[in-house]
């Protein structure tokens, strides 16, 4: 699943590179983590459940978490509501600032939530 395994006609962003590096690391610890698609783009899944995606129209990391955790991250100023086409997804949060440690922690939380 590492970026080198997926051929692409365009250059991956720094966010995408970090995201797929983290997904590769997390997949080693939990083989249920896999690549899929959502809204026509690459995403990470845990089994049949969506886990996260990256750089959706510049949103950074987008990860599925319990709605209380999403609200907490937004209230703390770490996250933003994820609202593609104007519809807010209450169990999804956008983390626009690239931060390896925070992204890894949130993806790990996401795996526990959706898995």
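Any idea which of (1) free of Cβ contacts under 8 Å to residues at least 40 places away in the same chain; (2) assigned to a helix (DSSP H, G or I) is the one residue 23 doesn't satisfy?
(1)
From the list 52, 79, pick out the single residue that is within 19 Å of residue 15 (Cα to Cα) and without any contact (Cβ under 8 Å) to a residue 24 or more places away in the chain.
Going through 52, 79 in turn, just one is within 19 Å of residue 15 (Cα to Cα) and without any contact (Cβ under 8 Å) to a residue 24 or more places away in the chain: 79.
Does any residue of segment 86-97 turn out to be part of a helix (DSSP H, G or I) and either under 12 Å from the mean Cα position of the chain (by Cα) or surrounded by fewer than 17 Cβ atoms within 10 Å (Cβ to Cβ) (or both)?
Yes; the residues of segment 86-97 include at least one that is part of a helix (DSSP H, G or I) and either under 12 Å from the mean Cα position of the chain (by Cα) or surrounded by fewer than 17 Cβ atoms within 10 Å (Cβ to Cβ) (or both).
We did not get these values from a lab; they are worked out from the coordinates using the rules stated. Owing to the predicted nature of the structure, the values given are computational and were not obtained by experimental measurement. All Cβ positions, glycine included, derive from the backbone under ideal geometry; neighbour counts span all protein chains shown.
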